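The values are calculated or read from the model by the stated rules, or taken from the named source; none is laboratory data. For clarity, every value in this text was computed on a predicted model and none was experimentally measured. Glycine also receives a Cβ, built like all others from the backbone with ideal geometry; neighbour counts cover every protein chain displayed.
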């Protein structure tokens with residue numbers, strides 16, 4: 001009976017986590033739509049601000065949901081951040097190297113120079129909404145995604161490998177889904193190249209998951225995610241400025 005209760009609790013944690021991901025996917029564009037109904041959308045600065053305000057609302061909701069975890073981990077991270085970062089940065093380096101080389105192979109060798117849909121979308125929005133994009137990609141996205149993909153599922157797993165694989169691939173799936181226009185099986189087979197991006201996104205996703213599980217502190221993976229996304233934005237800006 002005790003074993004059955006534990007398994008049921010794990011299933012409930014996973015279902016709540018999946019439900020939170022669904023809520024995030026539905027809620028974010030809905031809040032943005034509400035903000036975009038104001039006249040501020042007609043100016044460049046105003047449009048950037050509206051997007052930022054929508055992100056802040058979503059972030060605030062998540063911080064309320066994870067209030068205990070965030071408060072506890074923040075106090076712990078302030079005391080032990082050097083030890084935690086020293087522990088987890090090697091995981092990110094491994095994930096980043098795998099991501100880098102797999103992207104090169106997929107983009108150049110297999111896809112003939114085409115970009116991942118998620119990267120193409122990031123480049124596009126960085127061009128149109130640069131102020132919003134920098135804050136969203138470097139700060140808001142790392143916090144929101146780590147809370148949703150990492151903190152949500154922590155209590156469902158005792159094994160770091162299974163936890164990292166599950167949450168890392170789930171994280172990758174969300175990013176890969178950006179490039180899938182139809183979930184029809186025939187379309188997925190025809191566009192199988194898009195599914196290859198599970199490798200690069202999954203590699204960093206697993207690294208973030210491993211970092212969080214290893215330290216049991218959400219700010220460990222948030223820090224890695226901030227570093228990773230900030231580097232990504234830096235390279236995107238360089239590519240934009242050089243016309244690459």
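A compact table of results
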read-out: Residue in the range 75-91 that is surrounded by fewer than 17 Cβ atoms within 10 Å (Cβ to Cβ), under 30 Å from residue 131 (Cβ atoms) and out of contact with any helix residue (DSSP H, G or I) (no Cβ under 8 Å at 6 or more places or on another chain) present; value: yes
read-out: Residue satisfying condition, being more than 16 Å from residue 234 (Cα to Cα), in contact (Cβ under 8 Å) with a residue 24 or more places away in the chain and more than 18 Å from the chain's Cα centre (by Cα), within set 156, 151; value: 156
read-out: Residue that is under 20 Å from residue 165 (Cα atoms) and assigned to a helix (DSSP H, G or I), where the choices are 199, 238, 227; value: 199
read-out: Breaking point among (1) more than 15 Å from residue 147 (Cα to Cα); (2) part of a helix (DSSP H, G or I), for residue 37; value: (2)
read-out: Residue satisfying condition, being under 28 Å from residue 154 (Cα atoms) and in a helix (DSSP H, G or I), within set 49, 18, 32; value: 18
read-out: Breaking point among (1) in a helix (DSSP H, G or I); (2) at pLDDT below 95, for residue 79; value: (2)
read-out: Which numbered condition residue 122 fails, given (1) modelled with pLDDT under 95; (2) more than 21 Å from residue 58 (Cα to Cα); value: (2)
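One line per residue, one yes/no per condition, for (1) touching a residue at least 24 places away in the same chain (Cβ under 8 Å); (2) more than 22 Å from residue 131 (Cα to Cα); (3) in contact with a helix residue (DSSP H, G or I) (Cβ under 9 Å, 6 or more places away or on another chain):
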residue: 7; (1), (2), (3): no, yes, no
residue: 13; (1), (2), (3): yes, yes, yes
residue: 17; (1), (2), (3): yes, yes, yes
residue: 21; (1), (2), (3): yes, yes, yes
residue: 26; (1), (2), (3): no, yes, no
residue: 36; (1), (2), (3): no, no, yes
residue: 50; (1), (2), (3): no, no, yes
residue: 53; (1), (2), (3): no, no, yes
residue: 57; (1), (2), (3): yes, no, yes
